[in-house]
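Participant: Mind having a look at this structure? Questions to follow.
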Amino acid sequence: MPTLALLAATSRTASVSFDADQSCFSLKETTGWTLSTQDGGVVADGETNKVVMTLHGLQPKTRYVLDMGDERLVFSTKTESVLIDITDYGASPEADDNAAAIQAAIEQLPPHGTLKIPQGVFRSGPIFLKSDMVLLLEEGAVLAGHADRSHYPILPARHADGRVLGTWEGVAEPCFASLITALDCRNLAITGAGTIDGGGDRGDWWTWPKETRDDARRPRTLFLSHGDTVSLTGLTVRNSPSWTIHPVFCSNVLTADLTIQNDPHSPNTDGLNPECCRDVLLAGIHFSVGDDCIAIKAGKLDPKGGLDQPCERITVENCRMERGHGGVVIGSEMSGCVRDVTVRRCELSETDRGLRVKTRRGRGGRVERILLEGCRMERVATPLVINSFYFCDADGRSDYVQSRQALPVTDATPEISGITIRDVVADNVGVAAAAFYGLPEAPITGIIIENYRVSFDPDAPPDVPDMACGFEPMRHAGIIAENAGFDRRTGIHLSHATQSIAV
């Protein structure tokens, strides 16, 4: 039965989900909707083919009625203390850098106020948000990252109190501030029908992906650190200098109905990477990026000091993931432990891998209780990969990391358990239906696969299933399991052009 639910409401927007017949990103049929005030006056109507959508142009502290199909949802927008337009503080599409004007407007914004970016392209260096505010980008508004690196202040590796501030791939390091930076913010909403353009194709960001400039790492487009009760809804976020949206040490994060777009050849432009976060929902997001669509991380053991909190209770639902190295990836930074991750009713197309867990000796930590269900994949080379020999970092190809002999178990030995795959269809697979590579001293345990159907691409070339030494190219392989134990394998069906094999 269809279920119409409110995901998030701000003073001027609302994001809803319409779960019809277990649809993934798109509804099976276009559905009409009508929005009315409680007294019955129609304020908007339209049609949608998306499971998750955002309503724009609402009024604060107003009760609305949304009729969609045979479902009805009654909800209220939030109270707003004031609405401030950035142009009232001198921001202009003609200005070279609007950061100072926008920051002045933010400083004057009282609690529960809304800061509006109107239609137009506003170039800017980094801006710093604060608690209890809404940043609203109206339709046609573009906040565009400045091309000149000198306009970007550098965040140190740590706060004065020792907490991690700047982060790079799980390690405390200085970083250039992001176009939108939110530090220690509570009750923050970033919403609207506009666009946040990180400016990755401007300046030199993509020419030094793994290096530093001015002793700092590249910025993200949105960086949220030590936040609580944060929502991002309705927007397009594109053209990132590195990872696009990076919440770290955050809790109660909701992201819904976003479009995240990066050039397919842009380096390390992951879509959305929750790191050391708790209670995160990613709903109805359309990804098309240059690296992983979603990467769930929890820091790593490193002499510089890594992040030290688990990433847990992460839900990904009704998303569409296109291109990229992986659809939903866990690791390789997972030393603080990643657990209780649910990925359901998502569509993946032409990603190198679907669900991917990557780690190695030296990481330590645990990955546990991971569920993938009700998803559809098309032309994904290897839909399911767990790799305990991932050759990241300078010592990634060393005997210690790559040895297939059992080594002593220490605090640096990663452990993986409780992986459930249920009701998944993968068509036109190239390399393998699934590949599980555990450590001989720490095998993967508790794998459950139920109702998994795979068809193979007859034209796919051979390739390796993942990144590690000693993996040979393969084509149309079934389920590969080395140092991996299954609790249950039922309803697995692999079909070729000329034969059908039940496993």
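The values are calculated or read from the model by the stated rules, or taken from the named source; none is laboratory data. Just so it is clear, the model here is predicted, and its values are computed rather than measured. Note that each Cβ is placed from the backbone with ideal geometry, even for glycine, and that neighbours are counted across all protein chains shown. Keep in mind that these areas ignore ligands, DNA and RNA; they rest on the heavy atoms of the full protein, side chains included. Shrake-Rupley method; radii C 1.70, N 1.55, O 1.52, S 1.80 Å.
Participant: Would you confirm whether or not region 224-231 contains a residue that is of a type in the set (S, T, N, Q), under 25 Å from Lys50 (Cβ atoms) and within 14 Å of the chain's Cα centre (by Cα)?
Facilitator: yes
Participant: Every residue in region 231-252 that is under 21 Å from Gly194 (Cβ atoms) and open to solvent by less than 10 Å² (accessible area, probe 1.4 Å), please.
Facilitator: Leu232, Thr233, Leu235, Val237, Ser240, Pro241, Thr244, Ile245, His246, Pro247
Participant: Looking only at residues in region 42-85 that are among the polar types (S, T, N, Q) and within 17 Å of Arg12 (Cβ to Cβ), which one is surrounded by the most Cβ atoms within 10 Å (Cβ to Cβ)? Talk me through it step by step, then tell me what you get.
Facilitator: Kept after step one, since they are among the polar types (S, T, N, Q), are these residues of region 42-85: 48-49, 54, 59, 62, 76-77, 79, 81.
Subset that is within 17 Å of Arg12 (Cβ to Cβ): 54, 59, 62, 76-77, 79, 81.
Numbers: Thr54: 22, Gln59: 12, Thr62: 15, Ser76: 15, Thr77: 19, Thr79: 9, Ser81: 15.
This residue is Thr54.
Participant: Quick check on region 348-364: of everything there that is assigned to a loop (DSSP other than H, G, I, E, B) and touching a strand residue (DSSP E or B) at 6+ places or on another chain (Cβ under 9 Å), which residue is most open to solvent (accessible area, probe 1.4 Å)? Break it down stepwise before answering.
Facilitator: Narrowing region 348-364 to residues assigned to a loop (DSSP other than H, G, I, E, B): 350-352, 359-364.
After this cut, where a residue has to be touching a strand residue (DSSP E or B) at 6+ places or on another chain (Cβ under 9 Å) as well, the list is 350-352, 359-361, 363-364.
Numbers: Glu350: 107, Thr351: 2, Asp352: 64, Thr359: 1, Arg360: 10, Arg361: 4, Arg363: 8, Gly364: 1 Å².
The qualifying residue most open to solvent (accessible area, probe 1.4 Å) is Glu350.
Participant: Sticking with this one: Filter region 397-423 down to the residues that are free of Cβ contacts under 8 Å to residues at least 60 places away in the same chain, under 23 Å from Pro383 (Cα atoms) and either part of a loop (DSSP other than H, G, I, E, B) or open to solvent by less than 50 Å² (accessible area, probe 1.4 Å) (or both) and list them by number.
Facilitator: Ile416, Ser417, Gly418, Thr420, listed by residue number.
Participant: Restricting attention to region 262-286, and to residues there that are without any contact (Cβ under 8 Å) to a residue 40 or more places away in the chain, buried (at least 22 other Cβ atoms within 10 Å of the Cβ) and not in a loop (DSSP other than H, G, I, E, B), which single residue is farthest from the chain's Cα centre (by Cα)?
Facilitator: The residue in question is Val280.
Participant: At least 3 residues that are at pLDDT 95 or above and open to solvent by less than 10 Å² (accessible area, probe 1.4 Å) in each: list the strands (runs of 3 or more DSSP E) lying fully within region 109-181 that qualify. Can you show your working first?
Facilitator: On the way: elements: 113-117, 120-124, 127-129, 133-137, 141-145.
Ranges flagged: 113-117, 133-137, 141-145.
Participant: Then there's this: Take the residues of region 312-334 that are closer than 17 Å to Ile386 by Cβ and in a loop (DSSP other than H, G, I, E, B): which is most open to solvent (accessible area, probe 1.4 Å)?
Facilitator: His325
Participant: Which pairs have Cβ atoms under 6 Å, sit 6 or more apart or on different chains, and link a residue in region 446-475 that is closer than 19 Å to Gly396 by Cβ to one that is of a type outside the set (S, T, N, Q) and open to solvent by 70 Å² or more (accessible area, probe 1.4 Å)?
Facilitator: So the pair list comes out as Val464/Pro473; Cys469/Arg397.
Participant: Could you list all residues from region 416-450 that are of a type outside the set (Asp, Glu) and in contact with a Lys or Arg (Cβ under 6 Å, 6 or more places away or on another chain)?
Facilitator: We begin by selecting, within region 416-450, every residue of a type outside the set (Asp, Glu); these are 416-422, 424-426, 428-440, 442-449.
Across region 416-450, the qualifying residues are Gly418, Val425, Asn428, Ile448, Ile449.
Participant: Could you tell me whether any residue of region 193-202 is of a type in the set (Lys, Arg) and either within 24 Å of Gly336 (Cα to Cα) or assigned to a strand (DSSP E or B) (or both)?
Facilitator: No, region 193-202 contains no residue that is of a type in the set (Lys, Arg) and either within 24 Å of Gly336 (Cα to Cα) or assigned to a strand (DSSP E or B) (or both).
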